Structures are given as structure tokens and as C-alpha cells.
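Colleague: Pasting a structure below so you can have a look.
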Amino acid sequence: MPPNKWHSKKETMEMYFNTKIIDIKQDTYDNRIIQLILEKEPLSNHINWNDRYMDEAQNKLSIGVGYFGIVSMDLEKHPHSFVAGETGSGKSNILKCMIYQSLIKNYDVILIDFKRGVSFSNFEGAITVYYEYDTAMKILKEMVEETKRRLDLFRENKVDNINAYNKVTIDYLHRKIIFIDELAELLKIRDKEISRILYDCIETLARLSRAVGIHLIMGIQRPDSTIINGQIKNNVSFRICGRFVDKEPSRIVLGNDMASNLTNIKGRFIVKDDNLQEIQSFYYSDSSPYRANKATRNVLEDKNNKESEMAPTSQNEPLEEPETEEDTNVSKKLDFDFSDIKKV
């Protein structure tokens, strides 16, 4: 039987085997062989963020833990992302965790949030929040111009991406991450001219800014095909989708019904990159403001130190903070022994 027939019988097989089927795959070398990937241990229901989960690679942002280890967004392969989820799903928490890592990695962070950034108060002083249509439109237009400027620089230096450019010049370019918390709120403005400009800016960035190191990470509470048009959707390949009661939002974001079948656990999402997988996202606690303060100092010090700007290798150096007894037990290396993750 072809794989689609196996997928159609997935729920029946789960009842028969009395276990969860994580994935159904066709063998790489023999199409007659179908592999069933079964759940051995369930995902944890809660995983507190810890710096040990940060991917040391400069271009990756860790999101959560799946059945095969830590799941990250690779900005080189998938430069833009949708993060979709109903109220209370943990969508804003994913954005906070990604903002924190972006600051530590010395990216320039821009936040557009019409709730005036109240969910991101831990990062006050480290990021600029835009919450009016005029200022949001202005910053997006500036990012489009910056994209064009960087492309011109690449052409002059005969390179085709930000990494290659930073290797051949002392004019070091930082990555810029534009976080939009609730894309629909930004794009639903009734002023047709402002709406047209906003759409044009986001479409241009989604289409052209991949190579120049400018990235869009867009939160959506209720995915709607009238908001996410084809031009934007086709250029945003990385999707993070939480549980929805009805199937249509899941189909818009993932192209299938998987998110509507998720267990109702806060922080439980489906990630779509080259594949689809279920994850438990990290929980970034607002009760730990010192983490944001560390990020703030790191960013401000790097921006005021020209030598640091010209030396990309220095961006991953550990922050100079007094160690607590707890900190001394935390490794900075990725560790796929998840013995510290308990099901609660």
C-alpha cells in the first residue's frame, strides 16, 4: 500500500497497537517497506527554558523539544516564520524565548506589538517596541530600504549572502529580527493606503531579505486566508502551529489537520520545516528578569564596542555574570540527554 493509505489508517493502527504513531515513512531504498515510528516516551508537559538549550550555532533559535531532540529554527534555511496559536496556547512565550536568544546572539531586535509590549516587559531597554500604525509602517519601510542597501553592498563586494559579506569586509552587518505579535492586528487597518504599504513591505521582506540577514517572525492568533495572502505565505516556509478547535486554521498554516488533533497542553505545537513534528515549547519565565538584564548589557556593550562588532566570533562568548550555585551546574553545550525533563 502507498504511504497515503497508511496515513488514512493511522488512528485505527494506534488503537490496534495501543500506542501513538509519531510518523509514517517510506523506506529510502525500498519503496515496498513502510516504517512506523512509534512513541516510546511521551513528551514532557512543561520544560523551563535554560541556557543549556541554546544552540551554539549563530544562525539557530531553539524552540522546544521533539521526539528526536531539540528543535530549532535555522535562519539560513528558513529565514521567516509564522507562530500561530489561540489565546493561552503559549504563542507569546515562544516569541519571548526567541527574543531572548536573539539578544544573546547580538541580533538587532525589532518588536511590533499593538499591546504596547506588555507581554515583553522583561526586555525593556533592550528592544524598541512599535505600537502605532504610523511608526510600524515607518520601521518596515526602513527595513525594506536596508534590504536594498545590503543587496547593493553584496553586489559591490561580489558576494551573495550576509555570512560571505562579513568575511570579506570590516563593515560587519548584524542580523535583524522583526517580531510581529499578531500580524492580523497590523494588517487589518481600514486605511487602504497604509494597508497597501504594510502589505507591500512585508511581501518585499519575505521575498528579498533572506540573504541579507533580515528576518520576519510573525505571531498569528487566528490564521485567515484574507490576512495571509499567497505572496506572504509562499515565502514563509517555517511554521509553528498550536492547537485549534476547528481544522481550517491548521490547514492554512500547516496544510493539514494535525494541529486540530493536538493534545490540549499549553506549549504543545506542531513545527513544519522540511518535515512535520510535534514539540513541547520551552517556557521562558517572567519571574527571572535577570536573564533579560544580562541580554540587555550584552547587546549594549557590543554595540558600543567597535572591535566587538568587527569580530563575529566574539558574539558567542559567555556573559560575564557572577555564577550562582545553580549556574555552575549548567553546561553551555547542547546536551541530548534529557534526563532533566520530567513529565508532569
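The values are calculated or read from the model by the stated rules, or taken from the named source; none is laboratory data. Everything quoted here is computed from the prediction, not taken from an experiment. Every residue, glycine among them, receives a Cβ derived from its backbone with ideal geometry; neighbour counts consider all protein chains shown.
Colleague: Name, by its number, the condition in (1) of a type in the set (D, E, K, R); (2) surrounded by 18 or more Cβ atoms within 10 Å (Cβ to Cβ); (3) in a loop (DSSP other than H, G, I, E, B) that does not hold for Lys115.
Modeller: That leaves (2) as the condition not met.
Colleague: Can you find even one residue in region 155-168 that is among the hydroxyl-bearing types (Ser, Thr, Tyr), out of contact with any Asp or Glu (no Cβ under 6 Å at 6 or more places or on another chain) and under 30 Å from Asp191 (Cβ atoms)?
Modeller: no
Colleague: Against the condition surrounded by 15 or more Cβ atoms within 10 Å (Cβ to Cβ), of a type in the set (Lys, Arg) and touching a residue at least 12 places away in the same chain (Cβ under 8 Å), how does Lys91 come out, does it pass?
Modeller: When the stated conditions are applied, Lys91 passes them.
Colleague: Taking into account only those residues within region 1-56 that are surrounded by fewer than 10 Cβ atoms within 10 Å (Cβ to Cβ) and β-branched (Val, Ile, Thr), which is modelled with the highest pLDDT?
Modeller: Thr12
Colleague: Continuing with this model, one more query. Please give the number of the condition Ser281 fails out of (1) of a type in the set (Ser, Thr, Tyr); (2) more than 30 Å from Glu124 (Cβ to Cβ); (3) surrounded by 21 or more Cβ atoms within 10 Å (Cβ to Cβ).
Modeller: That leaves (2) as the condition not met.
Colleague: Moving on to the next point. Keeping to region 21-44, report how many residues are touching a strand residue (DSSP E or B) at 6+ places or on another chain (Cβ under 7 Å) and not in a strand (DSSP E or B).
Modeller: Residues flagged as touching a strand residue (DSSP E or B) at 6+ places or on another chain (Cβ under 7 Å) and not in a strand (DSSP E or B) within region 21-44 amount to 4.
Colleague: Say we look at region 142-185 and pick out the residues that are modelled with pLDDT of 95 or more and aromatic (Phe, Trp, Tyr); which of these is nearest to Asp224 (Cα to Cα)?
Modeller: Phe179
Colleague: Determine if region 118-136 includes at least one residue that is of a type in the set (Asp, Glu), over 18 Å from the mean Cα position of the chain (by Cα), surrounded by 16 or more Cβ atoms within 10 Å (Cβ to Cβ) and assigned to a helix (DSSP H, G or I).
Modeller: Looking for residues that are of a type in the set (Asp, Glu), over 18 Å from the mean Cα position of the chain (by Cα), surrounded by 16 or more Cβ atoms within 10 Å (Cβ to Cβ) and assigned to a helix (DSSP H, G or I), one finds none in region 118-136, hence no.
Colleague: Please report, ordered by residue number, the helices (runs of 4 or more DSSP H) entirely within region 181-260 with at least 2 residues that are in contact with a His (Cβ under 9 Å, 6 or more places away or on another chain).
Modeller: 192-208
Colleague: Take region 72-95 and flag every residue that is within 10 Å of the chain's Cα centre (by Cα) and over 26 Å from Thr204 (Cβ atoms).
Modeller: Ser72
Colleague: Pick out the one residue from Leu254, Leu198 that is within 18 Å of the chain's Cα centre (by Cα) and at pLDDT below 95.
Modeller: Leu254
Colleague: Which of the residues belonging to region 268-286 are part of a loop (DSSP other than H, G, I, E, B) and within 14 Å of Ser81 (Cα to Cα)?
Modeller: Matches in region 268-286: Asp273, Asp274.
Colleague: Mind listing whichever residues of region 45-60 are assigned to a strand (DSSP E or B) and touching a Phe, Trp or Tyr at 6+ places or on another chain (Cβ under 9 Å)?
Modeller: Residues satisfying the conditions are Ile47, Asn48.
Colleague: Sort out which residues of region 151-165 are farther than 14 Å from Leu75 by Cβ and assigned to a helix (DSSP H, G or I), and write them in order of number.
Modeller: Correct list: Leu151, Asp152, Leu153, Phe154, Arg155, Glu156, Ala164, Tyr165.
Colleague: While we're here: Working only within region 97-112, note down all residues that are surrounded by fewer than 24 Cβ atoms within 10 Å (Cβ to Cβ) and among the basic types (Lys, Arg).
Modeller: Answer for region 97-112, where residues must be surrounded by fewer than 24 Cβ atoms within 10 Å (Cβ to Cβ) and among the basic types (Lys, Arg): there is none.
Colleague: Of the residues in region 143-160, how many are loosely packed, with under 14 Cβ neighbours inside 10 Å and either under 20 Å from the mean Cα position of the chain (by Cα) or closer than 26 Å to Leu95 by Cβ (or both)?
Modeller: The qualifying residues number 1.
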